[in-house]
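What follows is a single structure, written as C-alpha cells, with notes after it.
The values are calculated or read from the model by the stated rules, or taken from the named source; none is laboratory data. Note that this is a predicted model, so its numbers are computed, not measured. Cβ atoms come from the backbone with ideal geometry, glycine included; neighbour counts cover every protein chain shown. These accessible areas exclude ligands, DNA and RNA; they are computed on the full protein's heavy atoms, side chains included. Shrake-Rupley method; radii C 1.70, N 1.55, O 1.52, S 1.80 Å.
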Amino acid sequence: YLYNHKSNMLRRFGVEFGKAFRETGQALDRLGARAQGDYTFLESWSRHRTLMNLFDKRPFVAVDAFVAPNASVIGDVKVMDRSSVWYGAVLRGDTNKIRIGANTNIRDNVVVQVSKESGDGFPTSTTIGSFVSVLDGAVLSSCVVEDNCIIGQRAVVLDGALIEKNCIIEAGSVVPPGRRIPSGQVWGGNPAVHIRDANEEDIARITNEYENAKNVSDIHQAEFLPYGTAYLQLVPPEGYEPKEE
C-alpha cells in the first residue's frame, strides 16, 4: 500500500512539474514574439487537444484508428484497431474507463462518458464492443454495448444499461438505467421498448453501417498529415510584408 501511494505521488509530481515547464515555455514563446517587433505572429490556433491526459490516465489509440482533429479523447480511454472517432465526438474517461473495440465507429457529436462509484451495483465504466456503430449525436453513459450493434442518431443509453449482441436501438430512443436489451432485438421509443426481433435485413444493416464508416474514415484519415501543422496557422500581423532578398 505504501509503495503504491508513493508511486502515485511521484506520478502526480511529474505531471505537475511537466505542466509547469510547458507553461513556462509558452510564456517564453510569447515574450520572444513580442521582442521580434514587426516579425511577430498572431497566435490564431486553438488550445484544443484531441488526446488529453488526466494525471496518470492516458488515452490509447491504435495506430490504424482514426480520431478526427476536433474530437476529444480524454483520460482512461482505449480505441482499438480500425475504429474511428468522428468530428465533435467526446470520449471522457475522467472518473472511470472507456473501452472501444475494433472496427467500431463513434460518429459526429457523440458523447461517451462514465460515472463515479454509485453503490447501486451498475457498472461505472463504459464498454463498447467491436463492429458497433454509434450514430450522430447519441449519448452513452456508464453502459455496455456488445458486438455488432447500432445505436441510432440522438439515442441515449443510460447508466447500467446492457445492449447485447446484434441489437439495434432506433434513433431518438432512450434506454433507461439498468435496462437489459436481449441479443438480436430491435428497440425504440422513450423509454425504449421491444419492437421486434432482428431479421436478416437488420443484420445486413449493422454490417453495412460499420463497413461504410470504415471506408469513409480511411479517406478522412489520409487527408491529415502525420506531423504537426501548427506552422500553417501562423498568421503575420496586418500590414506585414516580407522583405525581398
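I need the per residue convex hull volume for the range 46-198, using only the alpha carbons, in cubic angstrom as a whole number. Mind dumping the intermediate values first?
Values: hull volume 13.7 nm³, N = 153.
Here the figure is 90 Å³ per residue.
Are there GluC sites (Glu not before Pro) in the range 90-190 that DSSP marks as loop and that have at most 15 other Cβ atoms within 10 Å, and which are they?
Values: sites: GLU117, GLU146, GLU164, GLU170; in loops: GLU117, GLU146, GLU164, GLU170.
Here the sparse-neighbourhood loop sites are GLU117.
For SER125 paired with ASP56, estimate the spin-label separation in nm (one decimal), with each label point 7 Å from Cα along the Cα-to-Cβ line.
1.6 nm
Throw me the Rg/Rh for the range 76-127, computed over C-alpha atoms with Kirkwood Rh, two decimals.
Working: Rg = 11.6 Å, Rh = 11.5 Å.
That ratio equals 1.01.
Can you send over the carbon and sulfur percentage of the accessible area for the range 106-187, probe radius 1.4 Å, protein chains only?
On the way: 1400 of 2980 Å².
Within the range 106-187, the accessible surface is 47 percent carbon and sulfur.
Please report the Cα spread of the range 124-170 along all three principal axes, rounded to whole Å, starting with the longest.
Largest to smallest, the principal-axis extents are 22, 20, 13 Å.
If I model a spin label as a point 7 Å beyond the Cα along the Cα-Cβ vector, how far apart are those points for ARG11 and HIS220 in nm?
My value for the distance between the label points is 3.1 nm.
Looking at the calculated P(r) for the range 129-202, what percent of the C-alpha pair distances fall above 16 Å? Don't skip to the answer; put the middle values down first.
Working: 995 of 2701 pairs.
Summing the P(r) of the range 129-202 above 16 Å gives 37 percent of all pairs.
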